[in-house]
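Data first, discussion second: the structure below is written as structure tokens.
The values are calculated or read from the model by the stated rules, or taken from the named source; none is laboratory data. Keep in mind it's a predicted model, so treat the numbers as computed, not measured. No Cβ is skipped: glycine too gets one built from the backbone with ideal geometry, and neighbour counts run over all protein chains shown.
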Amino acid sequence: MPKSMGLKMSLIASKRTGQNSPRWQETPSYNAVHLWLRKTYGSAIKCEECEKKREEGMIHWANVSQKYLRDRTDWKQLCVPCHKQLDKPWLKLQRDSKGKFKKNVQRL
């Protein structure tokens, strides 16, 4: 393949990323949003609440609104304890006698 053709193809491919991609979805899956987050902003490295660094423990990308938007303001870098504290209202959902979450329960 001629060099100029390779450059042209890479230019076309670079314009077909993000919202310009034919595979873009307005409501992506949980995994797709986390993949986008890591690809766009990298791995979480420092807790935004207690300042703990990755060397001191796991740091997660935590969703703030529970809507999983492709928007950096909808995400925080949190250590595990701070992430659990953020998610606590969601963890209080009603459970059935087997310990499973009841279906069709409104989130708090």
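Screening LEU37 against (1) closer than 18 Å to GLN19 by Cβ; (2) at pLDDT 95 or above leaves a single unmet condition, (2). Of the numbered criteria (1) at pLDDT below 90; (2) in a loop (DSSP other than H, G, I, E, B), the one ALA44 fails is (1).
Of all residues in segment 34-48, those satisfying the criterion of being under 21 Å from CYS82 (Cα atoms), surrounded by 12 or more Cβ atoms within 10 Å (Cβ to Cβ) and among the aliphatic types (A, V, I, L, M) are LEU37, ALA44.
Residues that are outside any loop (DSSP other than H, G, I, E, B) and closer than 13 Å to ASP87 by Cα within segment 49-76 comprise HIS60, TRP61, ALA62, ASN63, TRP75, LYS76, listed in sequence order. When THR73, THR27, THR17 are checked against the criterion of being at pLDDT 90 or above and of a type in the set (Val, Ile, Thr), THR73 stands alone in meeting it. When restricted to residues that are under 17 Å from ASP74 (Cβ atoms) and in contact with a Lys or Arg (Cβ under 7 Å, 6 or more places away or on another chain), segment 39-58 contains 2.
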